[in-house]
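Chemist: Structure below; questions to follow.
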Amino acid sequence: MPSREPLFTVVGSRKLDVKSALSARQFHHDIEIPRGIFSMGDAFGEGYLADGEIPVHEVHLESFRIDATTVTNEMYAAFVHSTGYRTEAEKYGSSAVFHLLSTASGSDVIGVAAGAPWWLNVRGASWKRPTGPNSNWKDIPNHPVVHVSHRDALEYCTWAGRRLPTEAEWEYAARGGLEGMRYAWGNELTPNGEHRCNIWQGVFPASNSSDDGHIGTAPVASFQSNGYGLYEMAGNVWEWCADWFLPKYYRNSPKENPQGPTIGSGRVMRGGSYLCHDSYCNRYRVAARTFNTPESSSGNVGFRTVALS
């Protein structure tokens, strides 16, 4: 069973005064990823054709330093405390919450997503109140921050003096030094019966048996790290990348430190989330990719950051 506690403390105190906020700004548990060459893309033919996971292509990357975990609620709170920033979900007044997790009363559910009625548009849902008005981030300070748009993630990066990873950096880091594997830990989803990520078990979207120990988000560092020491590079929450999303990009992307296309349908998201299931969204594979519009937010999307130098 996965540990229910993080393996290290992300920010020491829940009581965030100006001094602690400024110190939190500097706190990122960085992992050095060595320069190298890897094969990017889906080597198994399991990806969604519209996602553009092929062709597999060689990529050369310089070394970089990336967060061991996604940014947590406590870390994001330090940013908000320091700057007074309001996320796009807060400005819009609502965000998307998965129906089984919602703590909203009937009057606060103001709609459902077209074609995906398991997503409720909940009034008052935001990073501060992740499952609705009756929830509070302080109850789960070491969980990934969610309900952050791509723009919200960039604002945090600007404050912290960091950036989002490129899509190529993200996949290279997620592979953890393994070449051509399906997952961040190998080719088997549950080696020796061990759950290695927080995804859906059961019948989506009606019932989740939570065999991995979690129905919604898990605390960061709940599962075993990959070969580079990075946690939850599959499942838990989707992670924003810097790149625009263009399905045909892999056909002619540069070999050296690709930065993504200059246009696209939205911004790339990687890693899958606690809602991924092979019957619905088999995107916890290390090569899997998807996107959303930069202003979008939901209860299963977060981010991790990269050091500027």
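Chemist: Which condition from (1) over 16 Å from Val59 (Cβ atoms); (2) part of a helix (DSSP H, G or I); (3) touching a residue at least 12 places away in the same chain (Cβ under 8 Å) is the one that Gln224 breaks?
Modeler: All conditions are met except number (2).
Chemist: Among the residues of the range 282-292, write down those that are more than 12 Å from Ala234 (Cβ to Cβ) and open to solvent by less than 40 Å² (accessible area, probe 1.4 Å).
Modeler: Taking the range 282-292 and keeping what is more than 12 Å from Ala234 (Cβ to Cβ), we get 289-292.
Across the range 282-292, the qualifying residues are Arg289, Thr290.
Chemist: Please list, ordered by first then second residue, the pairs with beta carbon atoms under 9 Å, 6 or more apart or interchain, first in the range 111-136 and at positive phi and in a loop (DSSP other than H, G, I, E, B), second polar (S, T, N, Q) and open to solvent by less than 80 Å² (accessible area, probe 1.4 Å).
Modeler: These pairs meet every condition: Gly124/Ser94; Gly124/Ser95; Gly132/Ser102; Gly132/Thr103; Gly132/Ser105.
Chemist: Hey, can you tell me all the residues within the range 62-99 that are open to solvent by less than 40 Å² (accessible area, probe 1.4 Å) and among the polar types (S, T, N, Q)?
Modeler: Thr69, Thr70, Thr72, Asn73, Thr87, Ser94, Ser95
Okay, residues lined up against (1) crowded, with 23+ Cβ neighbours inside 10 Å; (2) over 22 Å from Val71 (Cα atoms):
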| position | (1), (2) |
| --- | --- |
| Phe204 | no, yes |
| Asn208 | no, yes |
| Gly227 | no, no |
| Val237 | yes, no |
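Chemist: Another one. Leu154: of a type in the set (A, V, I, L, M) and part of a loop (DSSP other than H, G, I, E, B), yes or no? Break it down into steps so the answer makes sense when it comes.
Modeler: Numbers: of a type in the set (A, V, I, L, M): yes; part of a loop (DSSP other than H, G, I, E, B): no.
Spelling it out, it is not the case that Leu154 is of a type in the set (A, V, I, L, M) and part of a loop (DSSP other than H, G, I, E, B).
Chemist: Same structure, new question: Scan (1) modelled with pLDDT of 95 or more; (2) in a loop (DSSP other than H, G, I, E, B); (3) open to solvent by 50 Å² or more (accessible area, probe 1.4 Å); (4) under 25 Å from Asn136 (Cβ atoms) for the single condition Phe44 breaks and write down its number.
Modeler: For Phe44, the failing item is (4).
Chemist: Does Val80 satisfy the condition of being β-branched (Val, Ile, Thr) and modelled with pLDDT under 95?
Modeler: On the way: β-branched (Val, Ile, Thr): yes; modelled with pLDDT under 95: no.
In short, no.
Chemist: Given the condition hydroxyl-bearing (Ser, Thr, Tyr) and either open to solvent by less than 50 Å² (accessible area, probe 1.4 Å) or under 11 Å from the mean Cα position of the chain (by Cα) (or both), answer yes or no: does some residue in the range 256-266 qualify? First the steps, then the outcome.
Modeler: In the first step, residues of the range 256-266 are kept if they are hydroxyl-bearing (Ser, Thr, Tyr); the result is 262, 265.
Next cut, either open to solvent by less than 50 Å² (accessible area, probe 1.4 Å) or under 11 Å from the mean Cα position of the chain (by Cα) (or both) only: none.
Checked the range 256-266: no residue is hydroxyl-bearing (Ser, Thr, Tyr) and either open to solvent by less than 50 Å² (accessible area, probe 1.4 Å) or under 11 Å from the mean Cα position of the chain (by Cα) (or both).
The values are calculated or read from the model by the stated rules, or taken from the named source; none is laboratory data. Treat the numbers as computed from the prediction; the structure is a model and nothing was measured. Glycine also receives a Cβ, built like all others from the backbone with ideal geometry; neighbour counts cover every protein chain displayed. Note: areas computed on protein heavy atoms with side chains; ligands, DNA, RNA excluded. Shrake-Rupley method; radii C 1.70, N 1.55, O 1.52, S 1.80 Å.
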